[in-house]
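A short worksheet on the structure shown next.
The values are calculated or read from the model by the stated rules, or taken from the named source; none is laboratory data. Model, not experiment: these values are computed from the prediction. Neighbour counts are summed over all protein chains in view; Cβ atoms, including those assigned to glycine, are modelled from backbone coordinates with ideal geometry. Side chains are part of the model used for accessible areas, which takes the heavy atoms of the whole protein and leaves out ligands, DNA and RNA. Shrake-Rupley method; radii C 1.70, N 1.55, O 1.52, S 1.80 Å.
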Amino acid sequence: MLSSRPVNGIAGYLLLSVIVMVAYRLLVIDLTPVHLFFDEAYYLSWAQTPDWGYYSKPPMVAWVIWLTTTLLGDAEWAVKAGAAMLYGLTALLVADTGRLLFDRRTGVFAGFILLLMPLVSFNSLFITTDAPLLFFWALAIRLFLQAESSNGLIWWCLAGLAGGLGLLSKYTFILLPVSFLLLAVFCERGRALLRTPGFWLACALATACLLPNLYWNYRHDFISFQHTAEISHQGENPVSLTRLLEFWLGQAAVFGPLLALTLVSALRCRKGVSRCDGERFAWALFWPTFIVISAQALLARANINWAAPAYIGGALVVAYHLSHTTRRWWPPLALGVNLLLALIFYHYVFILNLAGIEPGRHSNPYKRVMGWPELVAQLQPEFDSRPDIPLASDSRRLLAYFGYYLSPHRYQGYALNRDGHIDDHYELMRSIDRDSPQRLLFVSQHLGTEALLRYFDHVEKIATAHVYIFDDFSRNAQLYLVTGYRDGEANMACDQEVRKAHAKTP
């Protein structure tokens, strides 16, 4: 059995590794540079008006961006900083949870697994809802374990508060309580939990935290839930085993190939050895989310990151098995592969250049965020000469990018809603109508003068911007001065071909 001194030393290495990885990831963002993905710029526009809800998401991601940009400024790395920091803290929380469920060694393994997960390595460069979701998921579990062991009122209240903040991060957080119900099916520990008043107090407090968001949705016709239902039902076929298999294979990319193999092998109990209480708890954290999202993939569609919270439980299960394996070379190999994948992704372009390969449209993982600052810069003089005329567009992508990269920023752009259906937060809150400013600087990638004359009395093309990124890949935009919004049925006659081209634009 290992002594406490080397185990404590390994725990110290974990803390140091978290600090180094967080700093390293922020450095990669700043020096590569990794420009804002349009969803990040979109969330940044939300953060300018902190609220209890937004079109497609609960408010936490906007709150996180508001906090980091208020403290650190509005540089790209500061907008993204919350992601790397929250994932680092999540790794520490998972490590401490592993210590409580099993032992310190297992906890350290769990922390390293979470820190080096390919999904975490990728998402640490982009601020999305997954960062606060995983953080509050891990925090709620850790506080729950403390509350369970002490049965102290304050700990149950803190666990409920963490759960409420999780619900304000992403609605799929509702699957965490299902884990405790699943635990009750398989062991007495779970059944005892359901008989504990503190557990139900925590659930009630978490629900109370969500009430302001529900009221916001009530005032806006439950738009967030409408959006969630719409994206959940998008799919080529009602049922697709191929789509389910693709989702399952994608989970190896999320968790890491060798760690995914370890998780699959952990499904089989060793002969003559029953699962310990901690392992049952960890599996209970894994299965509800994984099963629900797998069903989503089978019936409609599911992005590979949607099951991310399941891998907090998955990390605990795998860490337990890694800490008991007789193959001492397997844990460093499995973790080393994940670290190598992160390094390749962070320095992919540099590696291609070393190999003498010219990065192109199909070989550059950053192509979706490239070219936008340069595109906006070409049109900056036109905005400078008309500082009092607001920004407008038919695209949330353009409103988000121009809102951020223009100087000074123009976050509160106006959206042209061409079909009457609300598709984004701009259309929800600042859709062009008779009360909008009469003159607008309208930027578009697909609408020409003739198309815009269906919506405005006067359209003047001011400038065109074009940025070549690769030989076969470029970005363009046209800027118009439009005047006099036209009301009526013509504005609802959506040009389907234009909208299809718009949706396919990278």
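Of all residues in region 181-232, those being more than 21 Å from Leu143 (Cβ to Cβ) and of a type in the set (Gly, Ala, Ser) number 3. As a summary of the residue check, Asp103 satisfies the conditions (1) modelled with pLDDT under 95; (2) under 20 Å from Ala140 (Cβ atoms) except for the one numbered (2). With a requirement of 1 or more residues that are free of Cβ contacts under 8 Å to residues at least 12 places away in the same chain, open to solvent by 60 Å² or more (accessible area, probe 1.4 Å) and closer than 23 Å to Val120 by Cβ, the helices (runs of 4 or more DSSP H) lying completely within region 244-356 that satisfy it span 257-265, 277-299, 330-346, 348-354. For Tyr87, are the conditions met, namely being open to solvent by less than 10 Å² (accessible area, probe 1.4 Å) and more than 16 Å from Trp137 (Cα to Cα)? Taking the combined requirement at face value, the residue does not satisfy it. Of all residues in region 15-42, those satisfying the criterion of being open to solvent by 70 Å² or more (accessible area, probe 1.4 Å) and in contact (Cβ under 8 Å) with a residue 12 or more places away in the chain are Leu15, Ile19, Asp30. Of all residues in region 431-453, exactly one satisfies the criterion of being at pLDDT below 95 and among the basic types (Lys, Arg), namely Arg434. Does region 102-110 contain any residue that is surrounded by fewer than 24 Cβ atoms within 10 Å (Cβ to Cβ), free of Cβ contacts under 8 Å to residues at least 12 places away in the same chain and not β-branched (Val, Ile, Thr)? No; the residues of region 102-110 include none that is surrounded by fewer than 24 Cβ atoms within 10 Å (Cβ to Cβ), free of Cβ contacts under 8 Å to residues at least 12 places away in the same chain and not β-branched (Val, Ile, Thr). Of Leu210, Leu214, all but one fail to be of a type outside the set (Lys, Arg), in contact with a helix residue (DSSP H, G or I) (Cβ under 7 Å, 6 or more places away or on another chain) and open to solvent by 20 Å² or more (accessible area, probe 1.4 Å); the exception is Leu210. Of the set (1) in contact with a Ser or Thr (Cβ under 8 Å, 6 or more places away or on another chain); (2) within 28 Å of Pro33 (Cα to Cα); (3) open to solvent by less than 30 Å² (accessible area, probe 1.4 Å), all apply to Tyr55 but (2). Does Leu175 count as in contact with a Leu (Cβ under 8 Å, 6 or more places away or on another chain), closer than 30 Å to Tyr54 by Cα and either part of a helix (DSSP H, G or I) or not aromatic (Phe, Trp, Tyr) (or both)? No; evaluated as a whole, the condition is false for this residue. Summed over region 154-198, the residues that are of a type in the set (A, V, I, L, M, F, W, C) and farther than 27 Å from Trp63 by Cβ give a count of 10. Answer with yes or no whether Ser169 is part of a helix (DSSP H, G or I), touching a residue at least 12 places away in the same chain (Cβ under 8 Å) and farther than 16 Å from Asp96 by Cα. Judged against the criteria, Ser169 is not a match.
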